[in-house]
Amino acid sequence: MTSLLVIDDLLSLISKAKDTKYVEVRYQSRTTNEVNFSNGELERIRSIENSGCGIRVLVDGCWGFSSTHLLSKNALKDSLYEAISVAKLLAGTKKNRVEGLATSKLAKGLYKTKIKGDLSSIDIEKKVRITKEAEEQARKYSPVIKFASCVYREMLDHKLIVNSDGAEVEIFDSKPEFNV
């Protein structure tokens, strides 16, 4: 299994969850890109990628949770069993338990934020140039400005959310930030 999971992989995982009243699996992969200029100097260009999976289960009226950044089938299965184990341990000690979950129509499908352009298709050189120009303009705005900084940051998210009640959602989201 690659780092890019598909809904079928997560549904297969849920099918292995015995003795549970509810199972939810959430996968997220985020790429954060950043360009930072201060007083005419390029301070930083970086790109960070993170991904992982959170698993939540309801067993005997108690919640169990586990997460992992390892995305192999075995690692995900181990994380599922850990969440179930935690819930079972709590069930042995809790007096107040979750009776059940509300029923509702759950989402299925692919969701993408409405954007004017794909941030990942804009080359880094253009992002650096625009950030540098904005920082320069801030310093030139007034002679009383002695220090200026400009940061461009973008977060590109891919999420999968599935649960035993029928939710099957894939989300692509991008969030640009520009601070001067």
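Given the residues 120, 79, 104, 142, which is the only one that is surrounded by fewer than 16 Cβ atoms within 10 Å (Cβ to Cβ) and part of a helix (DSSP H, G or I)? Of 120, 79, 104, 142, the one residue that is surrounded by fewer than 16 Cβ atoms within 10 Å (Cβ to Cβ) and part of a helix (DSSP H, G or I) is 120. Considered as a group, the residues in region 166-180 that are buried (at least 16 other Cβ atoms within 10 Å of the Cβ) and not aliphatic (A, V, I, L, M) include one that is farthest from residue 14 (Cα to Cα), and that residue is 174.
Counting only residues that are in a strand (DSSP E or B) and either in contact with an Asp or Glu (Cβ under 8 Å, 6 or more places away or on another chain) or free of Cβ contacts under 8 Å to residues at least 12 places away in the same chain (or both), region 1-33 holds 7 of them. Test residue 104 against the criterion of being of a type in the set (S, T, N, Q), within 25 Å of residue 56 (Cα to Cα) and touching a residue at least 60 places away in the same chain (Cβ under 8 Å), and give yes or no. No.
If you go through region 5-51 and pick out every residue that is at negative phi, at pLDDT below 95, surrounded by fewer than 17 Cβ atoms within 10 Å (Cβ to Cβ) and acidic (Asp, Glu), you end up with 1.
For (1) closer than 15 Å to residue 10 by Cβ; (2) in contact with a strand residue (DSSP E or B) (Cβ under 6 Å, 6 or more places away or on another chain); (3) among the aliphatic types (A, V, I, L, M), each residue gets a yes or a no:
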| site | (1), (2), (3) |
| --- | --- |
| 72 | yes, no, no |
| 82 | no, yes, no |
| 85 | no, no, no |
| 96 | no, no, no |
| 123 | no, no, no |
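Of the residues making up region 145-163, those that are part of a strand (DSSP E or B) and under 14 Å from residue 43 (Cα atoms) are 149, 150, 151, 152, 153.
Quick one: count up the residues across region 138-162 that are over 23 Å from residue 6 (Cβ atoms) and touching a residue at least 12 places away in the same chain (Cβ under 8 Å).
Applying the first criterion (over 23 Å from residue 6 (Cβ atoms)) to region 138-162 yields 138-154.
From what is left, the residues that are touching a residue at least 12 places away in the same chain (Cβ under 8 Å) are 138-139, 147-154.
Residues in region 138-162 being over 23 Å from residue 6 (Cβ atoms) and touching a residue at least 12 places away in the same chain (Cβ under 8 Å): 10 in total.
The set of residues in region 107-117 being aromatic (Phe, Trp, Tyr) and in a loop (DSSP other than H, G, I, E, B) is empty.
In region 53-75, what residues are within 28 Å of residue 154 (Cβ to Cβ) and crowded, with 16+ Cβ neighbours inside 10 Å? Hits for region 53-75 are 53, 54, 68, 71. Only residues that are basic (Lys, Arg) and more than 25 Å from residue 95 (Cβ to Cβ) were counted in region 35-67, giving 2.
The values are calculated or read from the model by the stated rules, or taken from the named source; none is laboratory data. All of these numbers come straight from a predicted model, not from anything done at the bench. Counting neighbours? That spans all protein chains shown, and the Cβs are built from the backbone with ideal geometry, glycine included.
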